Amino acid sequence: MTLIIRYRDEIVRYSAMALGAVLIIAGIIAIIGSSERVVDNVVSGENTVIAAFLILTGLLLLGASMVQSIVGRTPLERFYKQVKSAETGEEEKEEK
């Protein structure tokens, strides 16, 4: 149980990356399927909206999972580390 708590950030980050990649791939596959008949244009439009939503959600998850590496290369790095250390300090106090 403590391993899960200790590596929580990494588990969430890699899970978000994997889920984001799956959503992007699902969106691309949904966009590739095109309709051949004029009657199917309405359904095709709905499928395109769903595919765009999947792709945007996947990109959002990928971006959120990479926040730590992006912030690490900016002047906000010191502030981010202070916040993270304060969070872990509070968690350790709550466990005692």
Do the conditions hold for Glu92, that is, is it at pLDDT below 80 and surrounded by 10 or more Cβ atoms within 10 Å (Cβ to Cβ)?
no
The one condition Val67 fails out of (1) at pLDDT 80 or above; (2) surrounded by 13 or more Cβ atoms within 10 Å (Cβ to Cβ) is (2)
Selected residue (criterion: farthest from Ala16 (Cα to Cα)) from residues of segment 71-89 that are hydrophobic (A, V, I, L, M, F, W, C) and at pLDDT below 75:
Leu76
So which residues in segment 12-33 are of a type in the set (Gly, Ala, Ser) and closer than 17 Å to Gly45 by Cβ?
Gly27, Ala30, Gly33
Contacts under 8 angstrom Cβ, first residue in segment 5-18 being of a type in the set (A, V, I, L, M, F, W, C), partner surrounded by 12 or more Cβ atoms within 10 Å (Cβ to Cβ) and assigned to a helix (DSSP H, G or I), 6 or more apart
Val12/Ser65; Ala16/Leu61; Ala16/Leu62; Ala16/Ala64; Ala16/Ser65; Met17/Leu61; Met17/Leu62; Met17/Ser65
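The values are calculated or read from the model by the stated rules, or taken from the named source; none is laboratory data. The model shown is predicted, which means the values in this text are computed figures rather than measured ones. Neighbour counts are summed over all protein chains in view; Cβ atoms, including those assigned to glycine, are modelled from backbone coordinates with ideal geometry.
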